[in-house]
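The values are calculated or read from the model by the stated rules, or taken from the named source; none is laboratory data. From a predicted model like this one, the values you see are computed outputs, not experimental measurements. Counting neighbours? That spans all protein chains shown, and the Cβs are built from the backbone with ideal geometry, glycine included. Side chains are part of the model used for accessible areas, which takes the heavy atoms of the whole protein and leaves out ligands, DNA and RNA. Shrake-Rupley method; radii C 1.70, N 1.55, O 1.52, S 1.80 Å.
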Amino acid sequence: MELMNKKECGYKDISKDKLKKIYLFCDKYIDFLNASKTEREAADFIVNKLEEYNFVNIEEIEELSVGDHVYYLNRNKCVYAMIIGDNILDGLSIVGSHIDSPRLDLKPNPLYESNKLALFKTHYYGGIKKYQWTTIPLALHGVVVKADGTKIGINIGEDDKDPIFTITDLLPHLAKEQEKKELEKAIEGENLNVLVGSIPNSDDKIKENIMKLINEKYDITERDFNSAELELVPAFKARSLGFDQSMIAAYGQDDRSCSYANLLALINAKETASTKVAIFADKEEIGSVGNTGMYSESFDLFINEVLNKMGLNEIGLLSQIYNKSMMLSADVGVGIDPNYAEASEKNNASYIGYGLDVNKYTGARGKSGASDANAEFVAKIRSIFEENDIKYQLSELGKVDLGGGGTIAYILANKGVEVIDCGVPLISMHSPYEVTSKFDIYEAYRAYLAFFESAE
Ligand code: MN
Ligand code: MN
């Protein structure tokens, strides 16, 4: 028994083999990030991977039994997957992550012209620091659905030959007034307008000319923007970071880092008695609302459908199962930022490269809105991690009263599930270029794998 709780970097004295394993795992993770910059693209990637591993769409199967692999795709934006264990009535082992990330959505009537240039109006999605989204290359991803149901996929700005888009900012020479403003107000939401063109038609109309170009390329009209989901995301590629290549800089690691670890853990999990469930939720960044968010009843519906197809139809079964279930809420945490170390309380902060970041509770101002994991459950999870030699660190999201945040943890906890938050610690969370440690990505994968395989 070690008397003191020592914190050590996961890379310290690491074997060459282990390091190689971690870096190879993260090469694939980087590919996933580059292929999955929106919730729809992530859902696509996840479903393809699940099918590769013989998971079947629940809507295409009549009967289910022990050992079956099944998934549910909710409106192309959210996925639930399950491996049915020996006795589903004993509860579920759930790892719950989300696949939406902060970004800029196009407004329903985005296109306009101003001062001889064509622009798109946007409405930001999730908690962003607005100034971070100006003067960077942006790519446009998403779908336009025409009134007749035709769906047009759009992805511009990722290929090196593609054009990109950008939000301009005032030159420093003329920014004396702007620079006096508070950071929060220096760039207004209504100023997050994206530059999309500059050539006018023969009537000197730029908006019309750009609309004509869009129409020629995608066969859509201005009104078709009304029924579209178009997202501007950083056009940066995910990259290894540092001389030692120990870290990753990329857009969308909240929460696609945990989502990737979750997916890989599920498909690689050995068959054990437990019923393994992976959640890849949408809309976490705006409060988990809507029919693809965790608040919707679609998860209950999925579990009920599984029970029905197994011939288990007793009323009240669902609540009983939830009350015997446990979940790792797989969402990112805060890694201490050397530039802003004063935002964290050192004894209860996480460091990137030091392993899985575990939050017993989140919330803000007196733990308000938190799901506070029961000590008994924390002990159980600790024992799984310790038995499997997984590096973890218990922390809080920043100093008391400085702010706060939440995950999907409380939503499942409200159903009776034992839940604890644990994920990859991040620096520059919600920025266009978030930073993680490769060690932690791999450790999250190992932790979720150990959790899935621990038989109940
Ligand atoms: Mn998150
Ligand atoms: Mn977030």
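Values computed for the structure shown
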| quantity | calculated |
| --- | --- |
| Matching residues in segment 427-445 - criterion: being open to solvent by less than 10 Å² (accessible area, probe 1.4 Å) and either assigned to a helix (DSSP H, G or I) or closer than 19 Å to A364 by Cα (or both) | K438, F439, D440, I441, E443, A444 |
| Given (1) within 16 Å of ligand 1 (Cβ to nearest atom); (2) farther than 30 Å from D90 by Cα; (3) of a type in the set (G, A, S), number of the condition S257 does not satisfy | (2) |
| Strands (runs of 3 or more DSSP E) (entirely within segment 136-245) containing at least 1 residues that are among the hydrophobic types (A, V, I, L, M, F, W, C) and farther than 23 Å from A43 by Cβ | 194-197, 239-241 |
| Qualifying residue in segment 275-283 (condition: within 21 Å of A450 (Cβ to Cβ) and within 16 Å of ligand 2 (Cβ to nearest atom)) | yes |
| Count of residues meeting criterion [open to solvent by less than 50 Å² (accessible area, probe 1.4 Å) and away from ligand 2 (no atom under 16 Å from the Cβ)] in segment 131-148 | 12 |
| Residue match in segment 305-324 (condition: touching a residue at least 24 places away in the same chain (Cβ under 8 Å), part of a loop (DSSP other than H, G, I, E, B) and open to solvent by less than 10 Å² (accessible area, probe 1.4 Å)) | no |
| Qualifying residues in segment 1-45 (those that are among the aliphatic types (A, V, I, L, M) and under 24 Å from H141 (Cα atoms)) - the one surrounded by the most Cβ atoms within 10 Å (Cβ to Cβ) | A42 |
| Of residues in segment 67-118 being open to solvent by 30 Å² or more (accessible area, probe 1.4 Å) and on the phi > 0 side of the Ramachandran plot, the one farthest from ligand 1 (Cβ to nearest atom) | K116 |
| Residues of segment 61-96 satisfying the condition of being under 23 Å from the mean Cα position of the chain (by Cα) and of a type in the set (A, V, I, L, M) | V70, L73, V79, A81, M82, I83, L92, I94, V95 |
| Among (1) in contact with a strand residue (DSSP E or B) (Cβ under 8 Å, 6 or more places away or on another chain); (2) open to solvent by 40 Å² or more (accessible area, probe 1.4 Å); (3) at pLDDT below 95, the one test that T362 misses | (2) |
| Residue, farthest from ligand 2 (Cβ to nearest atom), within segment 284-295, restricted to residues that are open to solvent by 20 Å² or more (accessible area, probe 1.4 Å) and assigned to a loop (DSSP other than H, G, I, E, B) | N291 |
| Selection within segment 389-416 - among the hydrophobic types (A, V, I, L, M, F, W, C), closer than 19 Å to D282 by Cα and within 15 Å of ligand 1 (Cβ to nearest atom) | I408, A409, I411, L412 |
| Lone unmet requirement of (1) basic (K, R); (2) surrounded by fewer than 16 Cβ atoms within 10 Å (Cβ to Cβ); (3) within 30 Å of L232 (Cα to Cα) for K399 | (3) |
| Filter result (open to solvent by 10 Å² or more (accessible area, probe 1.4 Å) and either within 12 Å of ligand 2 (Cβ to nearest atom) or outside the structural domain of A330 (by TED's automatic domain parsing) (or both)) within segment 405-420 | G405, G406, T407 |
